[in-house]
1. Looking at GLU100, GLU91, can you tell me which residue is in contact with a Pro (Cβ under 7 Å, 6 or more places away or on another chain) and more than 15 Å from ILE7 (Cβ to Cβ)?
2. So, THR42, is that one part of a helix (DSSP H, G or I) and either surrounded by fewer than 16 Cβ atoms within 10 Å (Cβ to Cβ) or among the hydrophobic types (A, V, I, L, M, F, W, C) (or both) or not?
3. Restricting to region 47-94, count the residues that are part of a strand (DSSP E or B), polar (S, T, N, Q) and free of Cβ contacts under 8 Å to residues at least 40 places away in the same chain.
4. Taking the residues in region 98-136 that are surrounded by 14 or more Cβ atoms within 10 Å (Cβ to Cβ) and of a type in the set (D, E, K, R) as candidates, determine which candidate is nearest to LEU53 (Cα to Cα).
5. Quick one: in region 57-85, which of the residues that are of a type in the set (Gly, Ala, Ser) and surrounded by fewer than 19 Cβ atoms within 10 Å (Cβ to Cβ) is farthest from ALA27 (Cα to Cα)?
6. Quick check on my filter: what residues within region 16-30 are at pLDDT below 95 and either polar (S, T, N, Q) or under 9 Å from the mean Cα position of the chain (by Cα) (or both)?
7. For residues that are β-branched (Val, Ile, Thr) and touching a helix residue (DSSP H, G or I) at 6+ places or on another chain (Cβ under 8 Å), scanning just region 31-77, find the one that is farthest from VAL98 (Cα to Cα).
Amino acid sequence: MADFNKIGLLVVRDNKILLCREQDLDALILPGGTVEGNETSTECLDRELHEELGSVTVADLTYIGIYDFEAASDPQKTVEIKLYKGELKGEPVPNGEVEELVWFGQDADWNRLSPILVHKILPDLIKRKILDWSLV
């Protein structure tokens, strides 16, 4: 069992993905967060997106898969991300604990990414042609 269990959202626009940088974290991560109480994954995403991205909603939600790797906040711990792909309705803005939003393209600096994105999520999305990128 992972130390952190999260729900993440993959948003793709113009072949770039939406990533966040939180106040206490240097690495870029996916929007999303931890399920609270009896929330479903979609209820968690709705709540977290509002907290992190402002007045947005998600549409056309599709389950992608589950990924686990070392946590960005602590390499001694693991994170599991249940990933969904969807379209945002409304324009995201940094909100709450999120300090920066980045539309990240394949040619951007991969050193800014969380370990799970570099080693697990992006290679899988590229291999499955969910992202039209090549491995760098």
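The values are calculated or read from the model by the stated rules, or taken from the named source; none is laboratory data. Only a predicted model underlies this, so the values are computations on that prediction, with no experimental measurement involved. Virtual Cβ from ideal backbone geometry, glycine too; neighbours counted across all protein chains shown.
1. After applying the criteria, what remains is GLU100.
2. On the way: part of a helix (DSSP H, G or I): yes; either surrounded by fewer than 16 Cβ atoms within 10 Å (Cβ to Cβ) or among the hydrophobic types (A, V, I, L, M, F, W, C) (or both): yes.
When the stated conditions are applied, THR42 passes them.
3. First pass over region 47-94, keeping only residues part of a strand (DSSP E or B): 57-70, 78-89.
Still in the running and polar (S, T, N, Q): 57, 62, 78.
Subsequent filtering for residues that are free of Cβ contacts under 8 Å to residues at least 40 places away in the same chain retains 57, 62.
Qualifying residue count, region 47-94: 2.
4. Ranking the candidates gives ARG112 first.
5. Initially, region 57-85 is screened for residues of a type in the set (Gly, Ala, Ser), giving 59, 65, 71-73.
Checking the rest, the ones that are also surrounded by fewer than 19 Cβ atoms within 10 Å (Cβ to Cβ) come to 59, 65, 73.
Details: ALA59: 26, GLY65: 22, SER73: 8 Å.
Filtering region 57-85 for residues that are of a type in the set (Gly, Ala, Ser) and surrounded by fewer than 19 Cβ atoms within 10 Å (Cβ to Cβ), the one farthest from ALA27 (Cα to Cα) comes out as ALA59.
6. Result: GLN23, single match.
7. ILE64
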